[in-house]
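To start, the structure under review is shown below, and the notes come after it.
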Amino acid sequence: MADGSARTSYPRPTVRPSPFSPASFQAPSRTLVVDETLRDGLQSASAENPPIADKRALLHAMAAIGVDVVSIGLPAASPAAVDDAAALLREIVDRKLPLIPTAAARTMPSDVSAIAEVSQRGGAPVEVYAFIGSSPIRHYTEGWSDSFLVDHIVATGEAARREGLPFCLVTEDTTRAPPTTLGKMWSAALDVGATRLCLCDTVGHADPRGVFALVAYARDFLVARGASHVELDWHGHDDRGLALGNALAAAITGVQRVHGTALGIGERSGNVALEPLLYNLAEIGRRSPVALPALRHFSDTAARALGRKVGAFAPLVGDRSRELDRARATPAVLGGEVRAAPAVAVAVDDGVEERLPLTLRLNGERVHADVPASRTLLELLRYDLDHIGTRQGCDKGDCGACTVLVDGEPVLSCLTLAAQCDGREVDTVEGLRGPPELDPLLDAFDRCGAGQCGFCTPGMLMTAQALLAQQPRPTRDTIRMAISGNLCRCTGYGPIVSAIDLAAKIRAGEEPRGVGLPGAHVPPPLPPAKDRAR
Ligand code: FES
Ligand code: FES
């Protein structure tokens, strides 16, 4: 390491067989998550200390995403910090939020007193997370001896015991500490009744192999001390970009709690970001899945409170992720709100599906139809009204080939009931044709070679049509986002993006129309279905 401290390897204590050997180790079935946003997150140089109302709002957002444990601050930092921590505890108690409150303390009895005051004012016990450096570089710099460390741990643990507060020893920089030093510090904590030990990768030093070794070493240590009831926490930073992987490794190896902050806000490169942590703990079966809207609300609330932005590319919660989800999951592929369709009563009587009369405007023309309640708009268009330009691809909302416009909004017609379109305007690719002039979209697709087999093309065209109606001069990025719900198997998306860009320019009068270019003539319409051989 740059500061000269050596990498540490952790010898196994002599107690065998280890309950954490691969054959017998059973990790806890559920990993709890600790939100450190209002403590470690606020140590980021670019984070603002929010007003108490914002902190309260953040508590509720944490509860909504299933955070289990929250740090309500470092009360000994100032009288204002005591007031804030007490107010947050009061909120947890009064609003019955399912959050276990903890607070940070230096390893000093006076810091425990500040937490005790918070506990009394807030009306609930607060777990004391008392931290002290454990790395040789820190000890050298501060001039700390082993006995200094042990004395402070014992005095602080005893203070917590007197106050009746659970005590956790947080060994800062655990990943760079020698096992002998850790052994002395942990033993002192156990002697004064610590209920948990927090292992820290304070400078983002570790990789997952080291995490496995350290956690296994700590578990073996506890078993050897007859203290297997004592639980472990993992607290990591992201200096090497490994914070999330390390936290998952710790969970797999058997820590009961892992720490993180909203958006990973914290010192230097930050902490483990809670959003992907929660998501991925669910993916590996350690927690229930969390709903993305709640996760995004949490990120937004935290960003607002701490004066930060949610990065456009932040996993799960950034704008890119939100837009892609919207495009995939909803009929409106442009990211606008999906208009509420009128509810369609299920019309089944004695097992016979009733037919429903409907009237709509199709490409500007009034159309009447009588359809079974289960008829999709796609079926109505293709099989009843002979508008076969609209493609039937996956028939389950994946491909976008069936995109048409309903009241100007792009919808997947395979997922839209025909009866929902009663009284509405429906536009299909057939409506794009001339005469007298070729539509700029058809012109541009032709000039750019934006279609090959053409299967995706009608859906692409209708998506583009809606985009250009809403944004006459979109950027290429906006175009990419708009068509992200439309799949193309052949051409690739580059020419399609170029074509939509060109169509926008043609419509704006910045580019000439492609008169005379190959394919610029309008093919005659197909004869009606009844006249075609089947
Ligand atoms: S056919 Fe509708 S999305 Fe594929
Ligand atoms: S051109 Fe063939 S699927 Fe797009």
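The values are calculated or read from the model by the stated rules, or taken from the named source; none is laboratory data. These figures come from a predicted structure and were not determined experimentally. Reconstructed Cβ throughout: ideal geometry from the backbone, glycine too, with neighbour counts over all protein chains shown.
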Identify all residues within the stretch 450-492 that are touching a helix residue (DSSP H, G or I) at 6+ places or on another chain (Cβ under 7 Å), within 13 Å of ligand 2 (Cβ to nearest atom) and more than 21 Å from V406 (Cβ to Cβ); write none if there are none. A450, G451, C488
Could you please give the count of residues in the stretch 201-211 that are part of a helix (DSSP H, G or I) and buried (at least 19 other Cβ atoms within 10 Å of the Cβ)? 2
From the list T195, T174, which one is touching a residue at least 12 places away in the same chain (Cβ under 8 Å) and under 15 Å from T107 (Cβ atoms)? T174
How many residues are within 16 Å of ligand 2 (Cβ to nearest atom) and either at pLDDT below 90 or touching a strand residue (DSSP E or B) at 6+ places or on another chain (Cβ under 6 Å) (or both) when one looks only at the stretch 395-410? 4
Can you tell me which residue is nearest to T102 (Cα to Cα) among those in the stretch 184-200 that are surrounded by fewer than 18 Cβ atoms within 10 Å (Cβ to Cβ) and small (G, A, S)? G193
Quick one: in the stretch 431-446, which of the residues that are modelled with pLDDT of 90 or more and either of a type outside the set (D, E) or not assigned by TED's automatic domain parsing to the domain that holds A508 (or both) is farthest from R507 (Cα to Cα)? G431
What number goes with the only condition from (1) of a type in the set (A, V, I, L, M); (2) part of a strand (DSSP E or B); (3) at pLDDT below 95 that A103 does not pass? (3)
